[in-house]
Amino acid sequence: MINYGDLIVSILAASLPLTMPILYASIGEVYAERSGVLNMGIEGIMSLSAFVSLSVTFSTGSYLDGLLAGVAAGVAMGVLHSFVTVRMGVNQLIAGLMIYFLALYMGDFGYVIATKTSYLHVRPISPVQIPVLSKLPVVGPILFSQNILVYASFAVAIVAGLVLYRTTWGLKIRAVGENPEAADSAGINVNLVRHLCVILGSALAGIGGASLVLGYLGLYATGDTLVAGRGFIAIVVVIFAGWNPYKAVAGAWLFGLGYAIAAIFIGSGLFSSFGTAAGYFLLAIPYIFAIVFILVFHRGTKSPSSLTVPYKRK
Amino acid sequence: MVFKNKKALSKTILAIVIVVILVVAGVVIAFRGDIVPKTTPSSSKYKLALLVGGDTTDDGLNDQGVLVAQWIGTTYGWTVSISQDVAYSDQGAVMTSYAQEGYNVIWADGNQFIGTTEAIAAQFPNVHFIMTPTYDGDNITSNVVALGAQNQATGYYLAGVLSGKMTKTNAVGMILGQWTAEQSFEFYAYQAGVNSANPAAKVYLTVPGTWSDATIGYEDAQTMISTDHVDILVPIADTTGLGVISAATISNTTLIGTVLDQVVLSPHDMMTSVLLNMTAFIQPVVQHIIDGTWSQIGGQVINMQLGSLGPYHDYATIIPTSVQTLVNETAVGIANGSIKVPFTYTASPPATP
């Protein structure tokens, strides 16, 4: 007999680690796109960072080393992407897709070579049971029994929003994205801002990929079956959130919730009497939520005016 | 090298960057598509092409196909080419390309290739086609030989007997990536084995609907463990199965692997694996090709007793001697016909208990 109360708590508790990688990646992409640069390579960057972080953690036994290595992989890809798009002015869509394939296959290649000697897997970071709060009924398991990377993802989102809307640096980023000529006239180094935002965005995508391994699954899988489209979903979240970090939290969580509902409903066998078709329908739930998100939040949003437009001083 | 101005320098740097990216990408993609070193082209007139559709790093079906193909190249001196991660939409093009390039043996390892193989084989009657792991149709031409599902249930039945005796919660489970009639016998054989050893045990089944999402597998396993109190899990789900294994390992839930000995995926929780001795099927097929006696097997679905249980590893000292004896006696009984393993397959999965 299924306890529906426990099922709901399980779904909500699972939704947060499933939100985590999408949230990191989408916050990073908010910064990149707010400055005027689109990065379609997030999916590949997350995959490469996942492999690098797994490999380093497996070798050293240190989660921190693995996380930093994942960030470094993200930064490296970010430097490449910003050089090609901001410095060289290459079409951002094409450059991003090249980064996607390059990073993805670098990760797969490295993994297949590494597994010739040993199978790479690590125990994910254990959840932190916050004293007293984790014992609260219902909310305890949902909110106060998650691992440190989950909590950090929400903290990053809040800080990102504060920086973007409450600081001079955030104002510069928004100015560069809306009107780079005016920003340049005001003395802002437009391309430097863009370089830094793209690199920051890729670094956060790297943390997103590393979090999938270190904070959730503890393994890597080739053929883009680990990240499984979450990088592209992060881009969708950014658009539908109106390039707003706070709304991106809601968007990322909706996808995480959709994944959790699909996976746990499938696992519980609730709809098994409907046959295999039920599974396929349930797997579509995250994307149905995306449509709902569009309808509710997308009205009136406007992209940064200079998004995908290279800036060259006249 | 002198540059007239910054623009020329920039263009040159851009060109170098693009060339480097293309070269690196090309090398990576070239290796990615064929990570197993080709055997040295020999004087052998035989060229084997293997198609697999999924992960080749999990000691599973795809990995096994690669290993067996390598073995053929090394043992018989055949030229071997391997195409990995072949998507549904690319199957026809890849097979046709191999046939047109002069590959005289094409091996499609995975039930997702069945339809395409039937169609392409009909277009290239002079090419030998091999279909594995479980074909149960009647639409193959004389240039095709297929490994049938009958008699492969043995390993799953034995795994069921072992699970029935070892479960402490009377709840065991199987996670099957997708439900297909050709593969459904694996669940029913496992269930029959469990029931024969422990009629009180329940056998849960989850079908995620995907072979390629570790996250779904992870959450499904977590749900079976926490909600159904499953304490033994059998993942048959490729990359999705890796997520299952990860969840089971984190919660110290016992696992049973499939195809190859998958102990490396979870050294302390993998009780055993249901082995599929693909070489026992492939080797005679290869010999028939070499001997020119293909007509003895062409157009046939060959059923062989290929399933068995792998080593117990860490569980060798945990599984009581009486249980190990029971499993051995059951295997003997199946071999001599005194125990009949049910062979059942259905188009739709059964409802969960």
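The values are calculated or read from the model by the stated rules, or taken from the named source; none is laboratory data. Remember, predicted model here, so these are calculated numbers, not experimental data. Cβ coordinates were reconstructed from backbone atoms using ideal geometry, including for glycine residues, and neighbour counts include every protein chain displayed.
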- Residue in region B:223-232 that is over 20 Å from residue B:85 (Cβ atoms), in a strand (DSSP E or B) and away from every other protein chain (no Cβ under 12 Å) present: yes
- Item | Test: residue in region A:91-105 that is assigned to a loop (DSSP other than H, G, I, E, B) and not small (Gly, Ala, Ser) | yes
- Pick from region B:47-60, criterion out of contact with any Leu (no Cβ under 8 Å at 6 or more places or on another chain) and modelled with pLDDT under 95, ranking: nearest to the other protein chains (Cβ to nearest Cβ): B:57
- Message: When the residues of region A:75-100 are narrowed to those that are touching a Leu at 6+ places or on another chain (Cβ under 7 Å) and surrounded by 24 or more Cβ atoms within 10 Å (Cβ to Cβ), which ends up farthest from the other protein chains (Cβ to nearest Cβ)?
- Response: A:92
- Query: Can you tell which of B:259, B:274, B:263, B:207 is at the interface with another protein chain (Cβ under 9 Å from one of its Cβ atoms) and touching a strand residue (DSSP E or B) at 6+ places or on another chain (Cβ under 6 Å)?
  - Reply: B:207
- When residue B:126 is evaluated against the numbered criteria (1) touching a residue at least 24 places away in the same chain (Cβ under 8 Å); (2) in a loop (DSSP other than H, G, I, E, B); (3) more than 29 Å from residue B:213 (Cβ to Cβ), which criterion, by number, is the only one it fails? (1)
- With the condition kept exactly as written, say whether any residue in region A:258-268 is within 30 Å of residue A:86 (Cβ to Cβ) and touching a residue at least 12 places away in the same chain (Cβ under 8 Å). no
- Item | Qualifying residue in region B:121-130 (condition: in the same structural domain as residue B:329 (by TED's automatic domain parsing) and more than 22 Å from residue A:268 (Cα to Cα)) | no
- Item | For residue A:201: the one exception among (1) at positive phi; (2) under 16 Å from the mean Cα position of the chain (by Cα); (3) not acidic (Asp, Glu) | (1)
- Query: Any idea which of B:63, B:85 is at pLDDT below 95, in contact with a strand residue (DSSP E or B) (Cβ under 9 Å, 6 or more places away or on another chain) and either under 18 Å from residue B:279 (Cα atoms) or assigned to a helix (DSSP H, G or I) (or both)?
  - Reply: B:63
- Restricting region A:101-116 to residues that are within 8 Å of chain B (Cβ to nearest Cβ) and within 18 Å of residue A:227 (Cα to Cα), which is surrounded by the most Cβ atoms within 10 Å (Cβ to Cβ)? A:108
- Message: So in region B:110-146, with the set limited to residues that are buried (at least 23 other Cβ atoms within 10 Å of the Cβ) and more than 19 Å from residue B:54 (Cα to Cα), which one is nearest to the chain's Cα centre (by Cα)?
- Response: B:146
- Residues that are without any contact (Cβ under 8 Å) to a residue 12 or more places away in the chain, more than 9 Å from chain B (Cβ to nearest Cβ) and part of a loop (DSSP other than H, G, I, E, B), drawn from region A:117-143: A:117, A:131, A:132, A:136, A:137
- Message: Given (1) at pLDDT below 95; (2) closer than 21 Å to residue B:265 by Cβ; (3) of a type outside the set (A, V, I, L, M, F, W, C), identify the lone condition not met by residue A:89.
- Response: (2)
- Query: Of A:62, A:53, A:35, A:10, which residue is more than 25 Å from residue A:170 (Cα to Cα) and buried (at least 24 other Cβ atoms within 10 Å of the Cβ)?
  - Reply: A:53
- Considering every residue within region A:148-168, establish whether at least one is farther than 30 Å from residue A:310 by Cα and within 14 Å of another protein chain (Cβ to nearest Cβ). no
- Query: Does residue B:346 qualify as being of a type in the set (S, T, N, Q), within 14 Å of chain A (Cβ to nearest Cβ) and on the phi < 0 side of the Ramachandran plot?
  - Reply: yes
- Query: When region A:244-273 is examined, which residues are found to be of a type in the set (A, V, I, L, M, F, W, C), within 20 Å of residue A:291 (Cβ to Cβ) and out of contact with any Asp or Glu (no Cβ under 6 Å at 6 or more places or on another chain)?
  - Reply: A:248, A:249, A:250, A:252, A:253, A:254, A:255, A:257, A:260, A:261, A:262, A:265
- When region B:84-115 is examined, which residues are found to be closer than 18 Å to residue B:286 by Cβ and charged (D, E, K, R)? B:109
- Residues of region A:1-35 that turn out to be under 13 Å from residue A:147 (Cβ atoms) and of a type in the set (Ser, Thr, Tyr), as a count: 1
